[in-house]
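First comes the structure, then the notes that go with it.
Computed from the coordinates by the stated procedures, all read-outs in this text should not be read as laboratory data. For clarity, every value in this text was computed on a predicted model and none was experimentally measured. Glycine also receives a Cβ, built like all others from the backbone with ideal geometry; neighbour counts cover every protein chain displayed.
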Amino acid sequence: MSRDFFNSRAAAWDDEVAEKDISRLETIAERLDIKPGDSVLDIGTGTGVFVPFLLKKIGGKGKLVCLDFAEEMLKIAREKGFKGDINYLCADIENNSLEDDSFDAVVCYSVFPHFNNKMKAFKEIYRLLKKGGRLYICHSSSRQAINEVHKSIPEVCSHLFPENEDTRGMLSDAGFEDITISDSKEDYLVIAAKSAGR
Ligand SMILES: C[S@@+](CC[C@H](N)C(=O)[O-])C[C@H]1O[C@@H](n2cnc3c(N)ncnc32)[C@H](O)[C@@H]1O
């Protein structure tokens, strides 16, 4: 099971797997329209690689919920002692107990291909966003490059990105609007909005 895989990799994650190029993480963070004071859900927090960048964006008045189903990954994030209004939640996004309409933004940094049931995850994220809120799916490589890496690792060889148009279709079916998908050599970014009117 995927959770067991990530728990088993937690201790070595920062040294062996996590993105270490700060400028790439900064570039991704700059593209997210997250404002001071926003309430943000970070799905697949892992050891907290993207947390400092989100904290910088939301500032002292913002709220951050760090969600991950692998307790060993989340434990490392928690032990880093990030400062701010942060809650750590060990849960599966596909079966969570968070309240409806809670977040201005939901960020999935380096987790999307690992969702077991992507449609279910999208419906949950839609439920959790406030009206007008935005989902950001981001990666520091292209869709194809990440799929190739995953195919070479037995435990995650089936954890693949759908075709971009299939991702767009699922987001639309889940209720999202204003969907943009940018997939380049350097990064992958999906932005999708929950209607401000419904
Ligand atoms: C590839 S790691 C990335 C971790 C971190 N974002 C990073 O970039 O280092 C994916 C993380 O997502 C978590 N994850 C995968 N599927 C999940 C789900 N359905 N619900 C919550 N967490 C999930 C895993 O436990 C793992 O920590």
Inset, instruction - Would you check which residues across the range 131-152 are touching a residue at least 24 places away in the same chain (Cβ under 8 Å), farther than 16 Å from residue 171 by Cα and among the basic types (Lys, Arg) and list them? - result: 143
Legend entry - Those residues of the range 62-71 which are surrounded by 19 or more Cβ atoms within 10 Å (Cβ to Cβ), assigned to a strand (DSSP E or B) and not acidic (Asp, Glu), in sequence order: 64, 65, 66, 67
Legend entry - Search result, residues across the range 159-184 that are assigned to a helix (DSSP H, G or I) and exposed (fewer than 13 other Cβ atoms within 10 Å of the Cβ): 165, 166, 173
Inset, instruction - Please indicate, with yes or no, whether at least one residue in the range 6-20 is over 24 Å from residue 131 (Cβ atoms), touching a Cys at 6+ places or on another chain (Cβ under 9 Å) and either within 11 Å of the ligand (Cβ to nearest atom) or among the basic types (Lys, Arg) (or both). - result: no
Inset, instruction - Starting from residues that are under 24 Å from residue 36 (Cβ atoms) and within 13 Å of the ligand (Cβ to nearest atom), keep the ones in the range 79-92 and report whichever is farthest from the chain's Cα centre (by Cα). - result: 80
Inset, instruction - Identify the residue in the range 61-78 that is aliphatic (A, V, I, L, M) and under 18 Å from residue 39 (Cβ atoms) and, among all such residues, is farthest from the ligand (Cβ to nearest atom). - result: 64
Legend entry - Criterion (under 18 Å from residue 138 (Cβ atoms), small (Gly, Ala, Ser) and either away from the ligand (no atom under 11 Å from the Cβ) or touching a Cys at 6+ places or on another chain (Cβ under 7 Å) (or both)) met by exactly one of 39, 23, 97: 23
Inset, instruction - Being within 15 Å of the chain's Cα centre (by Cα) and assigned to a loop (DSSP other than H, G, I, E, B) is the filter; apply it to the range 42-60 and report the residue that is farthest from the ligand (Cβ to nearest atom). - result: 48
Inset, instruction - Just name the residue that is surrounded by the most Cβ atoms within 10 Å (Cβ to Cβ) out of those in the range 72-107 that are of a type in the set (Phe, Trp, Tyr) and assigned to a strand (DSSP E or B). - result: 103
